[in-house]
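> If you scroll down you'll find the structure; I have some questions about it.
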Amino acid sequence: MPKLDVVIATDCGSTTTKAILIERQGDIYRQTCRGEAPTTVEAPFEDVTRGVLNAIQEIEELSGRQILDGERIITPAEGNRGVDIYISTSSAGGGLQMMVAGVVGSMTGESAQRCALGAGAIVMDVLAANDGRLPHEKIERIRHLRPDMVLLSGGTDGGTISHVVELAEYIAAADPRPRFGTGFELPVIFAGNRDAQSEVERVLGSKTALHLTENIRPVLERENLGPARHVIHDLFLEHVMAQAPGYRELMAWTGAPIMPTPAAVGQIMQTIARRQGINVLGVDIGGATTDVFSVFTVIGDDGVSAEPVFNRTVSANLGMSYSISNVLAEATMPNVVRWLPVDIDEADLRDRIKNKMIRPTTIPHMLEELQIEHAVAREALRLALVQHRELAVGLKGVQTERTLSDAFEQSGSGDSLIDMMSLDLLVGSGGVLSHAPRRSQTAAMLIDAFQPEGVTQLAVDSIFMMPHLGVLASVDEKAATDVFERDCIVYLGTCVAPVGDGKVKAGEPCLTYELTIDGAAGGGTQGSLGYGALDLIPLAEGVEADLILRPNRGWNVGAGAGQELRTRVRGGVVGLVLDGRGRPLDIPEDLEARRRSLTAWNQALELYGDSGKEA
Amino acid sequence: MAHAYTPGLRVTQYTVLRRSRRLPMKGLVLARVGETVQREQVVARTELPGNVRTMNIVNRLGIAADELHTFMLKKEGDAVRKGETIAASRPLIKWFKTTVEAEVDGVVESVSAITGQVLLREPPLPVEVLAYVDGNIVEVIADEGVVVETRGAFVQGIFGVGGEAYGPLHVLSDAPGQDLTVEMIDAESTGRIIVGTGLVTHAVIDKARQVGAAGIIGGGMHDSDLRNLLGYDLGVAITGAEDIGLTVIVTEGFGRIAMARRTFDILHACHGRQASLSGATQIRAGVMRPEIIVPDLESAPPVAEKDAAHGEGMSEGDPLRVIRAPYFGHIGKVGRLIAELQKVESGASVRVLEVEFEDGSRAVVPRANVELIEE
């Protein structure tokens, strides 16, 4: 393997191109410098490489390392000159937009959706033989959307042919054109019943750029998403990237294939989960969309084998600026205002949120405005998790032998894989979380929206470095995980949240605890957590401790109802958060009681100043 | 931070503008370079493929899919008329014969022996692109469209709904900040673009629609009125295709906000003149703002002024508006650019500037919360 001492990585986002420099220091890799510049995909530049060069130039100025020779990246590194590899991700131009189709919406349709999402795509629509739309409505829909590519699945191998060919006929009838390049044929990937390949080829072969690959659902009991995801990535590079201004040249510069940004984030999440043997949930909340990633260990049919299962969803219209108004529409006003400790006229709040939508780059000047954005963020995150739970499910048909007709009759998908009690690490990313004035605000938003159960570590990606590390992981896992641990995420602390139906009144204890802090920081504390309370115990970044939790009868922190749990916990910039508010979170409905609770919780975590109203 | 992005809306008395007018797919361009065009003149035309009607013939005839071809009376590519028999069974006794008639006029697009479906393609749908503004063709994009150049007044709004519209400007206010009322809208507004300088309510828009106004422009509107107008809560600011009977543009934002003095002065000076306006708003990559263009092809062209890239940053004295509370909607100018990060009330440490308001008062606000008013 060639030496890897110096890495330059960029993420070409819709508005900003972010570059980071990673250098080996002894045995470990560290991120040493970062720079950014506006992305230059659109007019007047229409060449993505301009923004990349500008971002790299900023790193040159800050680091003193010469990386560019004119417009060429110098490789390999020699002394203080050049880098060993240049890698990049991209979401410019709206990222990868796909339409997927399957015969049964909740079976192959859902598998196709998981396949496309895991490859980093936004799924514009899921077409299915049983989706309730009339044929002409399906055709109109395909024609109206202009996806970058279509993933057509359907039928297990040896199963239905006619239904999947019917879908192919709709696609052919719509005569769809790709988003970029008017003279190009739309890429269509067929990953369905292998016996239907020749018919699908006959129907679509002359009208689209058809690619045949392995079935994503060869049997009901198993998904086979890898081969189709590889084809998606290849087509992303060949068709989508190659059409975008400047990308052809950029692709020649990189030492590894350019990845769609969300695919890279998924990659680093999977790497961390695998190397540390933990369950991870990650969220990236942007201006327009919110991505949720999860890696949860699933026990196999034999009850012994365990396999980490990765899922990604993107909530296309849940975001903090472009889509902020949609969050209000979907969450509804009562769910947003329930997080506000201040009295705000609803009509005024609606106008403020619309003004943020039409002027998305503005930032809260007043404390009240910050609290409004944090309230909306809680709801956006909550809704994004709801959507993630719905898709991150076990397959139908697992552990049971059934006929196709049995499976048709099944009303919903399998059980959700998202088990908050077994979650080990919750990572937040995106402007409202990464740039909150206080880290405790970030922790509070994550806890309130996701409601982790038991013992969960909290972290935030401080400068959105996960995409870079995801693509780096495809080159060198150790380098990626070194930087992830040391420079990418800021540990906020640990949340302890007992779950239960213990019939206690507000303020009565639901658990007692003993905390023994390691090493020189030494010492410890013990106490009890009252129902309805939120407590913060200082536990600094880099410090670890032994924690004994003794839940009262009817309460569970991970070892079972009323069972003691002994565990190790890690500190962070916020500390150890004890959350006795119950799951689901019990927010008083009475207005005055709610304000008292919110104020008390805000004060406990020192969210907005001592009074809960002042910075 | 390498670059401070300062969004700005253009508001100018006289400029040169180019508008690209493209077909959604390739077609016929009807104008030539150098030709003078009128706003509602067709400059390019094409035909979108017609709708597709699916007919499951095998179910209707009670046959197997692989037998379909033997029962079809029409083959792929054949033209059919609505009601014309396209398939028929061949029973031994003629009495039991079953026929299937075409449900629409069109062409047989496909006959599938796998699914048993026959697809009929309806006649193509004509699509025309108008010039949109009075001006001259400066470029022909082969098979796709043209670029029209015009000169005149140009005002960008912040948000709009409804598509392109045309008509004389009908200014009903004599100073910024005057709300339009229902009583102000009468038959005189028919076919015109009403201009108010304060709040525009749903009741006012409704009245304007009733009298047949082409459009309505105001300083601000409430979200609740927008919801009533559209019939739904707008989640994402991608507009322009609403079928609401007229085009609505606000220049400042949501809430009761006075139109900026400069915007008012320009629109007031254009009272009675023909304008083209578009409510299309898209606030994502490739940002698009609603606009009002009042062509003036008679005056001498401005010297060295083009519809060039702008938004390069700000300097002391530049006119601006504050676009976030607590000074939302206030107009002023850049007083002082402060280099150091400052902590604002929300607790965030951000880049700021000092704004000098029209009444002489001053305030420090985040740079992200102002936008330049560009000429």
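The values are calculated or read from the model by the stated rules, or taken from the named source; none is laboratory data. Keep in mind it's a predicted model, so treat the numbers as computed, not measured. Neighbour counts are summed over all protein chains in view; Cβ atoms, including those assigned to glycine, are modelled from backbone coordinates with ideal geometry. Just the protein is used for accessible areas: all its heavy atoms, side chains included, with ligands, DNA and RNA removed. Shrake-Rupley method; radii C 1.70, N 1.55, O 1.52, S 1.80 Å.
> What residues have an amide H closer than 5 Å to that of residue B:39, excluding those fewer than 5 places away on the same chain, when H is modeled at 1.01 Å from N in the peptide plane?
B:134
> Using the Karplus curve 6.51 cos²θ - 1.76 cosθ + 1.60 with θ = phi - 60°, what ³J(HN,Hα) values do you get for each residue of region B:122-133, in whole Hz, with x for Gly and Pro?
My calculation for region B:122-133 gives 6, x, x, 9, x, 10, 10, 10, 8, 5, 6, 10 Hz in order.
> Show me you know the interface measure: the accessible area buried between B and A, both chains summed, probe 1.4 Å, in Å² to the nearest 100.
Values: alone 18650 and 25090 Å², together 39080 Å².
Using a 1.4 Å probe, the pair buries roughly 4700 Å².
> Please work out the C-alpha center-to-center distance from region B:232-252 to region A:508-576 and express it in whole Å.
Answer, in whole Å: 52.
> Using the Kirkwood formula on the Cα atoms of the protein assembly as shown, what hydrodynamic radius do you get, in angstrom to one decimal?
31.2 Å
> Got a sec? Which residues of region A:314-331 lose 40 Å² or more of accessible surface with every protein chain in place, vs. that chain alone, 1.4 Å probe?
Residues of region A:314-331 that lose at least 40 Å² of accessible area once the other chains are added: A:322.
> May I pose another question? Could you name the aspartates and glutamates in cross-link range of residue B:333, using Cα to Cα under 14 Å and dropping any fewer than eight places away on the same chain?
Correct list for residue B:333: B:316, B:318, B:354, B:356, B:358, B:359, B:371, B:374, B:375.
> Would you check the accessible area of residue B:78, probe 1.4 Å, heavy atoms only, in square angstrom rounded to 10?
Roll a 1.4 Å probe over it and residue B:78 shows about 40 Å².
> When the expected Rg is taken as 2.2 N^0.38 Å, what fraction or multiple of it is the alpha-carbon Rg of region A:97-234?
0.91
> Same structure, new question: If you place +1 on the Cβ of every Lys and Arg, -1 on the Cβ of every Asp and Glu, and leave all else neutral, what size is the dipole of region B:123-265 about its Cα centre, to the nearest 20 Debye?
Values: 8 positive and 20 negative charges, 83 e Å.
I would put it at about 400 debye.
> Could I ask something else about it? In chain A, which helices (entire DSSP H runs) extend 27 Å or more along their own long axis, judged by Cα positions, while averaging at least -0.5 on the Kyte-Doolittle scale?
Qualifying helices: A:367-391.
> Are there residues in region B:214-242 whose accessible area shrinks by at least 20 Å² when all protein chains are included rather than the chain by itself, and which are they (probe 1.4 Å, ligands and nucleic acids not counted)?
Listed by number, the residues meeting the 20 Å² cut-off are B:223, B:227, B:233, B:234, B:235, B:236, B:237.
> Moving to a separate point now. Calculate, in nm to one decimal, what residue A:130 and residue A:587 gain on full extension: separation in residues at 0.36 nm each, minus their alpha carbon distance.
Residue separation times 0.36 nm, minus the Cα-Cα distance, leaves 160.5 nm.
> Considering only C-alpha atoms, what is the centroid distance from region A:461-493 to region A:116-163, in Å?
The two parts, judged by their Cα centres, are 35 Å apart.
> Okay, moving on. Which of the listed residues, B:115, B:317, A:530, is farthest toward the dipole's positive end in the protein assembly as shown, when Lys, Arg count +1 and Asp, Glu count -1 at the beta-carbon?
B:115
> To the nearest µm²/s, what D does Stokes-Einstein give for region A:313-375 at 25 °C and 0.890 mPa s, using the Kirkwood radius over alpha carbon pairs as Rh? Provide the component values of the computation, followed by the final result.
On the way: Rh = 11.9 Å.
Estimated via Stokes-Einstein, D reaches 206 µm²/s.
> How big is the equivalent ellipsoid of region A:507-585 along its three axes, where each semi-axis is √(5λ) from the Cα gyration tensor, reported in whole Å from largest to smallest?
22, 14, 10
> Then there's this: Leaving out ligands, DNA and RNA, what percent of the accessible area of the protein assembly as shown is carbon and sulfur, probe 1.4 Å? Don't skip to the end; give the middle numbers.
Working: 18750 of 39080 Å².
About 48 percent, which is the carbon plus sulfur part of the accessible surface.
> Assuming R0 = 41 Å, can you tell me the calculated FRET efficiency for the pair residue B:128 and residue A:234, based on Cβ-Cβ distance, to the nearest 0.05?
0.55
> Let me check against my output: what whole-number percent is the relative contact order of chain A, with C-alpha pairs under 8 Å and at least 6 apart?
This gives 10 percent for chain A.
> Given a Förster radius of 51 Å and the C-beta distance between residue A:501 and residue B:238 as r, what FRET efficiency does 1/(1 + (r/R0)^6) yield to the nearest 0.05?
The calculated FRET efficiency here is 0.65.
> Taking the Cα atoms of chain B alone, what are Rg (to one decimal) and Dmax (as a whole number) in Å?
Rg and Dmax of chain B, Cα atoms, are 28.0, 98 Å.
> Turning to a different aspect of this structure: So how far apart, in nm, are the two label points at residue B:174 and residue B:190 if each is 7 Å from Cα heading toward Cβ?
Calculated label separation equals 2.7 nm.
> Is there a simple number for the mean count of other chain Cβ atoms within 10 Å of the Cβ of residues in B:255-264, and what is it?
Partner-chain Cβ atoms within 10 Å, mean over residues of B:255-264: 1.
> Might you report the magnitude of the Cβ-based charge dipole of the protein assembly as shown about its Cα centre, with Lys and Arg at +1 and Asp and Glu at -1, to the nearest 20 debye?
Dipole about the Cα centre, nearest 20: 720 debye.
> Follow-up. Going out from 0 in 10 Å bins, what whole percent of all Cα-Cα distances in region B:52-121 drops into each bin?
23, 57, 19, 1
> For B:158-165, what's the mean count of beta carbons from other chains sitting within 10 Å of each residue's beta carbon?
The per-residue average across the peptide is 1.
> Could you tell me which residue out of A:213, A:262, B:126 lies farthest along the dipole of the protein assembly as shown toward its positive end? Charges go on the beta carbon: Lys and Arg +1, Asp and Glu -1, centred on the Cα centre.
B:126
> Taking only the Cα atoms of region A:6-92, how large is their convex hull per residue, in Å³?
It comes to 82 Å³ per residue, whole-number rounded.
> Taking 7 Å along the Cα-to-C-beta vector as the label spot, tell me the residue A:387-residue B:299 distance in nanometres, rounded to one decimal.
Each label point lies 7 Å from its Cα, and together they span 4.8 nm.
> Amide H neighbours of residue B:335 under 5 Å, counting only residues 5+ apart in sequence or on other chains, H built in-plane at 1.01 Å?
The list, which skips near neighbours in sequence, is B:317, B:354, B:355, B:356.
> Can you tell me the accessible area per residue over the protein assembly as shown, all protein chains present, probe 1.4 angstrom, in square angstrom?
Per residue, the protein assembly as shown has 39 Å² of solvent-accessible surface.
> Additional query: Suppose each label sits 7 Å from its Cα in the direction of the beta carbon; what would the residue B:20-residue A:421 distance come out to in nanometres?
Modelled inter-label distance: 5.7 nm.
> If you don't mind, there's one more thing I want to ask. Just how large is the dipole of region B:319-374 about the Cα centre, in debye to the nearest 20, putting +1 at every Lys and Arg Cβ and -1 at every Asp and Glu Cβ?
160 debye
> Which whole-Hz ³J(HN,Hα) couplings does region A:278-293 yield from phi under the Karplus relation 6.51 cos²θ - 1.76 cosθ + 1.60, θ = phi - 60°, glycine and proline marked x?
These are the phi-based 3J(HN,Hα) values: 10, 8, 10, 10, x, 9, 10, 9, x, x, 10, 9, 10, 9, 10, 10 Hz.
> Taking +1 at the Cβ of each Lys and Arg and -1 at the Cβ of each Asp and Glu, which of B:234, B:287, A:451 sits farthest along the dipole of the protein assembly as shown towards its positive end, judged by Cα position relative to the Cα centre?
B:234
> Next question. Out of residues 5 or more away from residue A:492 or on other chains, whose amide H comes under 5 Å of its own, with H placed 1.01 Å from N in the peptide plane?
Long-range HN contacts for residue A:492: A:458, A:459, A:460, A:573.
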